[in-house]
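The values are calculated or read from the model by the stated rules, or taken from the named source; none is laboratory data. Worth saying up front: this structure is predicted, and the values here are computed from it rather than measured. Backbone-built Cβ (ideal geometry, glycine too); neighbour counts: all protein chains shown.
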């Protein structure tokens, strides 16, 4: 199921039949496009408008009126700078770890298990298994595994001769651990798709031409699987920058690990400070669009969908 | 020789370790659904019991939350699947202007952090003064499920040979008949995958739901989030484990089924 979401099916058949033309295509497209326009684009515009609103003349909490007030942007960029730094820092680290863990795994499943289709599919199911159990509960499972008084932590302290006060929960390490775990299938699946389609004869040819295994990997395998690396890193990095569950105090973080999402949630749902929540969201979205554009230009893959 | 050893030994062992890492929290969650815990907290192992599985609805609030989740995911999936399937067919089979614009508008929701979509939509509902409830949550879920349905179904449309439809038309089937008797049955596996993915995404969504429920609706993930500060009862583990086992059963069953079918086709050939 989730597997098919990332195009793991066989390579598309190239057909010589010309594409259909005519107006009927709009009957198929318009309902979905109108829906996205209304419930995706309009909210983003509304977000931008809200982000420049100014407190109501009455001064009541949660009441704002239209204005062109950029002070919310000034407030979030200055006061939430640590959260902004953490969001992108944690997302970067978690994406790198997810890539390093996923690539060999996806290689084994996508290349080495090719001769055994059923085992390959069943292993892939295990890879995406975390998707099928509640996101919040699997995070709570890690929280309890790493709890200060847990068996695991006692074992780790003894193993590395650490001080009894050593703890992991609530540290940036624990947050990154959770982020890697929760988003790793988003990395493994696109990598698997690329590796599964890799033509092994090219690797053999490189070997026949006396390329060392290392240069076969860096000059043939890796470049050919770049589309998977790119979509995997984007599908991991982007949602992580906006995640706030892992960094929350009730999950793996502490007040010292709060991310952008924690601030948006607090401003929107607790403080009714809609302009600040909107400005923070707009900044996040802006930075992401900038990163994605540069990244996609650099790596040269424009057809992501 | 070194390369051979790497392939034969290191990679399989590595894969097993990676899979263990992926499965640890799942095993933990399932194990603690059998924990004989008292009250809400379910952090220490108190002994094995089937009680929580047999009396999962003792805490009515959990089953209410699951009911809300099922309703929201069901309706959202239905709408997202219909809209998404139509778009997927259009994208693969038709030539039209503004293709890149359509692709971009489908890609953007997948490239937007949930917190931005959640706050944006909730802000819109606030500005419009509509209030919050099932409807606002469902409208939000359809929005973020739609792109995933399109991607999934599109992959299936691409593997479909147009020759089959042409053959139908040559045999005097009307376009309507061609669609319902040839295209649709062949697309069905892709549509079902898209719908299941959409359902899974919707059922497990927390962030967007939290912003757009306004406290009027409590879904299963929201129940867990709210309970997290006081302790999540074992009954929540029961629900999550049951959903997990059901999903795995469906996926593995489908895989074994298609494997057997393939073997039979091979045997005939």
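In segment B:9-42, which residue that is part of a loop (DSSP other than H, G, I, E, B) and free of Cβ contacts under 8 Å to residues at least 60 places away in the same chain is surrounded by the fewest Cβ atoms within 10 Å (Cβ to Cβ)?
Our first condition is that a residue be part of a loop (DSSP other than H, G, I, E, B); within segment B:9-42, this holds for B:36-42.
Filter once more, keeping what is free of Cβ contacts under 8 Å to residues at least 60 places away in the same chain: B:36, B:38.
Numbers: B:36: 14, B:38: 9.
Among those residues, the one meeting the criterion is B:38.
Of all residues in segment A:96-131, exactly one satisfies the criterion of being free of Cβ contacts under 8 Å to residues at least 24 places away in the same chain and either buried (at least 22 other Cβ atoms within 10 Å of the Cβ) or in contact with a strand residue (DSSP E or B) (Cβ under 7 Å, 6 or more places away or on another chain) (or both), namely A:108.
For segment A:222-239, which residues satisfy the criterion of being in a helix (DSSP H, G or I) and either within 15 Å of residue B:117 (Cβ to Cβ) or free of Cβ contacts under 8 Å to residues at least 40 places away in the same chain (or both)? Result: A:222, A:223, A:224, A:238, A:239. Taking segment B:43-89 as the range and being over 23 Å from the mean Cα position of the chain (by Cα) and crowded, with 23+ Cβ neighbours inside 10 Å as the test, only B:52 passes. From the list A:209, A:234, A:252, the one residue that fits, being touching a helix residue (DSSP H, G or I) at 6+ places or on another chain (Cβ under 8 Å) and over 30 Å from residue B:43 (Cα atoms), is A:234. The set of residues in segment B:204-221 being more than 9 Å from chain A (Cβ to nearest Cβ) and outside any loop (DSSP other than H, G, I, E, B) consists of B:208, B:209, B:212, B:213.
Would you confirm whether any residue within segment B:103-111 is within 7 Å of another protein chain (Cβ to nearest Cβ), crowded, with 23+ Cβ neighbours inside 10 Å, within 17 Å of residue A:43 (Cα to Cα) and within 23 Å of the chain's Cα centre (by Cα)? Among the residues of segment B:103-111, at least one is within 7 Å of another protein chain (Cβ to nearest Cβ), crowded, with 23+ Cβ neighbours inside 10 Å, within 17 Å of residue A:43 (Cα to Cα) and within 23 Å of the chain's Cα centre (by Cα), which makes the answer yes.
One line per residue, one yes/no per condition, for (1) at pLDDT 90 or above; (2) surrounded by 19 or more Cβ atoms within 10 Å (Cβ to Cβ):
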{"position": "A:142", "(1), (2)": "yes, yes"}
{"position": "A:159", "(1), (2)": "yes, no"}
{"position": "A:176", "(1), (2)": "yes, yes"}
{"position": "A:190", "(1), (2)": "yes, yes"}
{"position": "A:199", "(1), (2)": "yes, no"}
{"position": "A:207", "(1), (2)": "no, no"}
{"position": "A:216", "(1), (2)": "yes, yes"}
{"position": "A:223", "(1), (2)": "yes, no"}
{"position": "A:229", "(1), (2)": "yes, yes"}
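Per-residue answers, yes or no, for (1) more than 8 Å from chain B (Cβ to nearest Cβ); (2) modelled with pLDDT under 85:
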position	(1), (2)
A:265	no, no
A:270	yes, no
A:280	yes, no
A:283	yes, no
A:287	yes, no
A:291	yes, no
A:298	yes, yes
A:301	yes, yes
A:304	no, yes
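For segment A:85-131, a tally of residues being within 14 Å of residue A:236 (Cα to Cα) and within 7 Å of chain B (Cβ to nearest Cβ) returns 2.
Quick one: which helices (runs of 4 or more DSSP H) sit completely within segment A:13-84 and have at least 3 residues that are away from every other protein chain (no Cβ under 13 Å)? Ranges flagged: A:71-79.
Each residue in segment B:222-232 was checked for being outside any helix (DSSP H, G or I) and surrounded by fewer than 24 Cβ atoms within 10 Å (Cβ to Cβ), and 4 of them qualify.
Could you tell me whether residue B:171 is within 29 Å of residue B:63 (Cα to Cα) and more than 7 Å from chain A (Cβ to nearest Cβ)?
Numbers: within 29 Å of residue B:63 (Cα to Cα): no; more than 7 Å from chain A (Cβ to nearest Cβ): yes.
So residue B:171 does not fit the description; no.
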